[in-house]
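Okay, so here's the structure we're looking at.
The values are calculated or read from the model by the stated rules, or taken from the named source; none is laboratory data. A quick note: this is a predicted structure, and the numbers were derived from the prediction, not measured. Glycine also receives a Cβ, built like all others from the backbone with ideal geometry; neighbour counts cover every protein chain displayed.
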Amino acid sequence: MTFKKSSVFRATRSGFDEEKQRELNQYHKSTSGRRSVRKSVQLPEGEILNEWLAYNTVDFYNQINMIFGTLSDYCTDETCPMMTAGKKYEYYWSEIREEKKIYLKLSAPQYIQKLMDWTQALLDDPKIFSPKSEIPFPKNFLEILKDIYKRLFRVYTHIFYHHYHLITTLGFDQAFNGSFKRFLFFVLEFNLITKTEMKPLSQLIESLSSRSKKKKHSQKKKN
């Protein structure tokens, strides 16, 4: 089962020329299900690192946008007055105003909507995600990505802590788990999120990583 689209969802442009988009889409489809998730997120042979990172960033953004669209009727200012992951973790939205960094206490849907708008603006910026492959990525591209992934990760944590029962009830758990697993192994592969930031889901991450390593070891024995 896949996530439904809602009025919240806005598909972003790819950030690539059509030929490159088709090429990466084909690679993604050809590796889905055939290879382990950990292997499927690795940089394909002959591919440029920043292009691979950019392509997947657009893909993850669209996935998370759809996931939140599915839950938007249930994650409200009343049910989730603060962007949290359980009782221990609270997230404040940070932004620069008049050359000063400020922190805003927002409800979960307000935080996530700001995140979607902020990420969309970055993806639409041709100086960062250029639609032309001959235009180089900015020197701080990796730092920009790390900030994006850190914030996108918080959406997964909020859902796991506060809405996973609903995901299961709606029958979206398999699609959601698959989305998170690929996201997780991607950020681990390219060191996009710190261990400190991943603490809210540390037990789940350890479990998924251990299973992946055992599966890899088992496959080596068979070979």
Close pairs (7 angstrom Cβ cut-off, 6 or more residues apart or separate chains): under 15 Å from Ile144 (Cβ atoms) and touching a residue at least 24 places away in the same chain (Cβ under 8 Å) in the stretch 48-65, buried (at least 19 other Cβ atoms within 10 Å of the Cβ) and among the small types (Gly, Ala, Ser) anywhere: Ala54/Gly15; Val58/Ser14; Val58/Gly15
Any pair with Cβ under 8 angstrom, 6 or more apart, that starts in the stretch 189-216 at a residue that is under 21 Å from Asn56 (Cα atoms) and among the hydrophobic types (A, V, I, L, M, F, W, C) and ends at one that is in a loop (DSSP other than H, G, I, E, B) and modelled with pLDDT of 95 or more: Ile205/Met198
Helices (runs of 4 or more DSSP H) within the stretch 97-209 that include 2 or more residues within 16 Å of the chain's Cα centre (by Cα) and not hydrophobic (A, V, I, L, M, F, W, C): 108-123, 141-162, 173-189
Leading residue by the ranking (modelled with the lowest pLDDT) among those in the stretch 130-149 that are closer than 27 Å to Lys195 by Cβ and touching a helix residue (DSSP H, G or I) at 6+ places or on another chain (Cβ under 7 Å): Phe137
Hey, Leu152 modelled with pLDDT under 95 and under 21 Å from Cys75 (Cβ atoms) or not: no
